[in-house]
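Undergrad: Okay, here's the structure, questions in a sec.
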Amino acid sequence: MNFKQALTTLPQYVLPHHALSRMMSLLTHCENKTWKNLFIEQVIRHYGVNMAEALEQDINAYKSFNHFFTRELQPGARPICDAPNGIACPADGAVSQAGAITEGNIFQAKGKSFTAVDLLGGDEERAKPFNNGVFTTIYLSPKDYHRMHMPLTGTLREMVHIPGRLFSVNSATTNAVPGLFARNERVCCLFDTDAGPMALILVGAIFVSSIETVWHGVVTPPTAPSIYNWQYQNNAPTLKKGQEMGRFNMGSTIIVLFGNGKAQWDAELKADKIVKLGERIGTTLTG
């Protein structure tokens, strides 16, 4: 950890993560027109948000900042790759890392990794299908579209809410905090696909006021004191490739897992690559 990373990261260990996030939730859901318009204008200007892509381009039409932040896009703004074996990118963002899950370990940053078991809530059976598979971690910045969509058609098998901290997930913190993504609060969604099991892990972060899915609604908050899971053996929803599956109310990170020999990433999918929802990021090796 260098000096700059220390200045950015060390104070986060003592910050009241969830209390600050609750305060941010109140601010982002405030419907005071003057406040929410000012907030929206500042974010658009500072981060260079492309409002031409938005279905609603008039900021006055958004009832709150969060309504703007989770805005819909124009039809066709994100074409979904149509190759039968193509894996569609689940979100706009930047690749944090992509590669192999080696003996259960997932690479985070130089000198840092975490295990698939820890990421998926400490359940070895839940993590077993992904041993020696592949992963990619995609970071969503404030300028990005904040809805997540399906990389492949899949039938939901299980959803797991894992409580934890809410460290920032920017590059400085990712490079400095050991096991970051297996420490933060997260929602793990496990699907059965033609390429075998697929996991989509929605990782919370500081000021992320909530995570929700299309089949459940808001999963967090509130934050439960222990791991909680939902099983979907009966009437399990099937979501098609490219269909919305969830969203962050404020931004964060999504991690995608596939099993051994089931998928491979395109050669261009490397750390720091900017990606867009729907573009091909890899191919399945079965089906």
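The values are calculated or read from the model by the stated rules, or taken from the named source; none is laboratory data. Since this is a predicted model, take the numbers as computed values, not measurements. Neighbour counts run over all protein chains shown; Cβ positions are idealised from the backbone, glycine included. The accessibility values were calculated without ligands, DNA or RNA, using every heavy atom of the protein model including side chains. Shrake-Rupley method; radii C 1.70, N 1.55, O 1.52, S 1.80 Å.
Undergrad: In region 115-122, is there at least one residue being over 22 Å from residue 183 (Cβ atoms), open to solvent by less than 20 Å² (accessible area, probe 1.4 Å) and in contact with a Cys (Cβ under 7 Å, 6 or more places away or on another chain)? Break it down stepwise before answering.
TA: Of the residues in region 115-122, the ones over 22 Å from residue 183 (Cβ atoms) are none.
For region 115-122, residues over 22 Å from residue 183 (Cβ atoms), open to solvent by less than 20 Å² (accessible area, probe 1.4 Å) and in contact with a Cys (Cβ under 7 Å, 6 or more places away or on another chain): absent.
Undergrad: Looking at residue 129 and the list (1) modelled with pLDDT of 95 or more; (2) buried (at least 21 other Cβ atoms within 10 Å of the Cβ), which single condition is not satisfied?
TA: (2)
Undergrad: To continue, here is another question. Given the criteria over 22 Å from residue 274 (Cβ atoms) and either out of contact with any helix residue (DSSP H, G or I) (no Cβ under 7 Å at 6 or more places or on another chain) or open to solvent by 30 Å² or more (accessible area, probe 1.4 Å) (or both), does residue 142 qualify?
TA: No; evaluated as a whole, the condition is false for this residue.
Undergrad: Could you run through region 27-76 and say how many residues are under 18 Å from residue 91 (Cβ atoms), open to solvent by less than 40 Å² (accessible area, probe 1.4 Å) and among the hydroxyl-bearing types (Ser, Thr, Tyr)?
TA: 1
Undergrad: With (1) at pLDDT below 90; (2) surrounded by fewer than 17 Cβ atoms within 10 Å (Cβ to Cβ); (3) touching a Lys or Arg at 6+ places or on another chain (Cβ under 9 Å) as the list, and residue 10 as the residue in question, which single condition is left unmet?
TA: Looking at each condition in turn, residue 10 falls short on (3).
Undergrad: Sticking with this one: Restricting to region 192-210, name every residue that is open to solvent by 20 Å² or more (accessible area, probe 1.4 Å) and either charged (D, E, K, R) or under 16 Å from the mean Cα position of the chain (by Cα) (or both).
TA: Those that are open to solvent by 20 Å² or more (accessible area, probe 1.4 Å) and either charged (D, E, K, R) or under 16 Å from the mean Cα position of the chain (by Cα) (or both): 192, 194, 206, 207.
Undergrad: Okay, moving on. Name the residue that is farthest from residue 190 (Cα to Cα), counting only residues in region 240-251 that are open to solvent by less than 60 Å² (accessible area, probe 1.4 Å) and part of a loop (DSSP other than H, G, I, E, B).
TA: Our first condition is that a residue be open to solvent by less than 60 Å² (accessible area, probe 1.4 Å); within region 240-251, this holds for 241-242, 244-251.
Remaining after also requiring part of a loop (DSSP other than H, G, I, E, B): 241-242, 250-251.
Values: 241: 15, 242: 16, 250: 23, 251: 21 Å.
Within region 240-251, the match that is farthest from residue 190 (Cα to Cα) is 250.
Undergrad: Which is closer than 21 Å to residue 118 by Cα and either surrounded by 15 or more Cβ atoms within 10 Å (Cβ to Cβ) or among the hydroxyl-bearing types (Ser, Thr, Tyr) (or both), of 281, 254? Can you show your working first?
TA: Values: 281 fails: closer than 21 Å to residue 118 by Cα.
Matching residue, one of 281, 254: 254.
Undergrad: Could you list, in sequence order, the residues of region 83-103 that are buried (at least 19 other Cβ atoms within 10 Å of the Cβ) and at positive phi?
TA: 93
Undergrad: Starting from region 97-115, take each residue that is assigned to a strand (DSSP E or B) and list its partners that are basic (Lys, Arg) and open to solvent by 40 Å² or more (accessible area, probe 1.4 Å), counting only C-beta distances under 9 angstrom and pairs at least six apart or across chains.
TA: 97/270; 98/270; 98/273; 99/270; 114/183
Undergrad: Name the one entry in 263, 271 that is small (Gly, Ala, Ser) and open to solvent by 30 Å² or more (accessible area, probe 1.4 Å).
TA: Working: 263 fails: open to solvent by 30 Å² or more (accessible area, probe 1.4 Å).
That would be 271, the only listed residue that is small (Gly, Ala, Ser) and open to solvent by 30 Å² or more (accessible area, probe 1.4 Å).
Undergrad: Please find, within region 105-126, the residue that is farthest from the chain's Cα centre (by Cα) out of those that are basic (Lys, Arg) and modelled with pLDDT under 95.
TA: Taking region 105-126 as the starting set, the residues that turn out to be basic (Lys, Arg) are 110, 112, 126.
Going one step further and asking which of them are modelled with pLDDT under 95, we end up with 110, 112.
On the way: 110: 21, 112: 20 Å.
That would be 110.
Undergrad: Can you tell me which residues in region 210-228 are farther than 20 Å from residue 150 by Cβ and either of a type in the set (Val, Ile, Thr) or outside any loop (DSSP other than H, G, I, E, B) (or both)? Working first, answer last.
TA: Taking region 210-228 first, the residues farther than 20 Å from residue 150 by Cβ are 210, 220-228.
Residues satisfying the conditions are 210, 220, 223, 227, 228.
Undergrad: So, in region 51-93, how many residues would count as being closer than 28 Å to residue 26 by Cβ and outside any helix (DSSP H, G or I)?
TA: So the count comes out to 15.
A quick yes/no check of all residues on (1) open to solvent by 40 Å² or more (accessible area, probe 1.4 Å); (2) without any contact (Cβ under 8 Å) to a residue 40 or more places away in the chain; (3) of a type in the set (Val, Ile, Thr); (4) out of contact with any Pro (no Cβ under 7 Å at 6 or more places or on another chain):
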| residue | (1), (2), (3), (4) |
| --- | --- |
| 164 | no, no, no, yes |
| 177 | no, no, yes, yes |
| 190 | no, no, no, no |
| 218 | yes, yes, yes, yes |
| 234 | yes, yes, no, yes |
| 238 | yes, no, yes, yes |
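Undergrad: Say we look at region 123-147 and pick out the residues that are basic (Lys, Arg) and not in a helix (DSSP H, G or I); which of these is nearest to residue 181 (Cα to Cα)? Lay out the reasoning, then the answer.
TA: Within region 123-147, the first condition is being basic (Lys, Arg), and the residues that meet it are 126, 128, 143, 147.
From what is left, the residues that are not in a helix (DSSP H, G or I) are 143, 147.
Values: 143: 21, 147: 19 Å.
My answer is 147.
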